[in-house]
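> Once you've had a glance at the structure underneath, I'll fire off some questions.
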């Protein structure tokens with residue numbers, strides 16, 4: 001089984017007011033290609049920080065983050081931006097959609113920024129897959145929270161990324177929409193075979209993954225496979 005993410009002795013510390021706060025403490029993690037991992041833990045345990053470091057959106061104090069053989073801690077910001085565009089898809093709790101663009105335009109823009117061929121056709125197909133085929137020309141403000149999150153799913157998958165990073169994607173949704181989003185993530189995972197790392201505080205969401213990591217005080221205290 002090929003390893004796509006390998007993290008070694010990862011440390012993230014912050015200094016302020018004469019004090020050092022350790023957010024992540026000598027964390028080690030390997031992620032096989034195509035695995036769906038849920039990261040759980042209390043607020044402040046380091047979940048979102050770990051996701052940001054894997055994405056190259058934050059810089060570790062020390063340690064290595066190797067993505068498919070490349071140590072991203074040695075890349076400059078331009079190289080990281082290129083890596084994010086080509087390898088990662090992002091799903092956020094607060095959607096981060098562009099309010100002045102329609103649903104179709106939000107997805108097409110993401111594809112065009114990465115020079116993905118056939119952007120409009122692919123966007124149409126993906127929006128149909130997530131149940132928004134009749135909402136193509138609606139703006140984010142005209143969509144419900146569940147619809148906006150489904151739109152963000154289409155945007156995340158449009159460039160067929162190797163790795164999907166999801167930060168509390170169901171955090172702002174009711175249980176019905178939460179279940180639908182997880183079902184869509186599972187379906188897209190099955191079809192696209194992407195590696196998925198999903199941060200959640202909801203146990204029923206984590207239990208739909210293949211593997212659950214639990215963080216506490218910046219360390220992995222549990223690493224279990226789901227049956």
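> Of the residues in the range 63-72, how many are more than 16 Å from residue 162 (Cβ to Cβ), in contact with a helix residue (DSSP H, G or I) (Cβ under 9 Å, 6 or more places away or on another chain) and surrounded by fewer than 16 Cβ atoms within 10 Å (Cβ to Cβ)?
Adding up the residues that qualify gives 1.
To keep it simple, each residue is scored yes or no on (1) assigned to a strand (DSSP E or B); (2) loosely packed, with under 14 Cβ neighbours inside 10 Å.
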position: 1; (1), (2): no, yes
position: 5; (1), (2): yes, no
position: 9; (1), (2): yes, yes
position: 12; (1), (2): yes, no
position: 20; (1), (2): yes, yes
position: 26; (1), (2): yes, yes
position: 31; (1), (2): yes, no
position: 34; (1), (2): no, no
position: 40; (1), (2): yes, no
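> Quickly run through the range 15-42 and pick out the residues that are modelled with pLDDT of 90 or more and over 17 Å from the mean Cα position of the chain (by Cα).
Across the range 15-42, the qualifying residues are 22, 23, 24, 25, 26, 27, 28, 42.
Conditions (1) surrounded by fewer than 18 Cβ atoms within 10 Å (Cβ to Cβ); (2) within 14 Å of the chain's Cα centre (by Cα); (3) at pLDDT 90 or above; (4) assigned to a loop (DSSP other than H, G, I, E, B), marked per residue:
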| residue | (1), (2), (3), (4) |
| --- | --- |
| 128 | yes, no, yes, no |
| 151 | no, no, yes, no |
| 173 | no, no, no, yes |
| 179 | yes, no, no, no |
| 187 | yes, no, no, no |
| 191 | yes, no, no, no |
| 198 | no, yes, yes, no |
| 212 | no, no, yes, no |
| 222 | yes, no, yes, no |
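> Continuing with the same structure: Which ones in the range 103-125 are surrounded by 22 or more Cβ atoms within 10 Å (Cβ to Cβ) and either in a loop (DSSP other than H, G, I, E, B) or under 18 Å from the mean Cα position of the chain (by Cα) (or both)?
Correct list: 106, 107, 110.
The values are calculated or read from the model by the stated rules, or taken from the named source; none is laboratory data. Just so you know, these numbers come straight off a predicted model, no measurement behind them. No Cβ is skipped: glycine too gets one built from the backbone with ideal geometry, and neighbour counts run over all protein chains shown.
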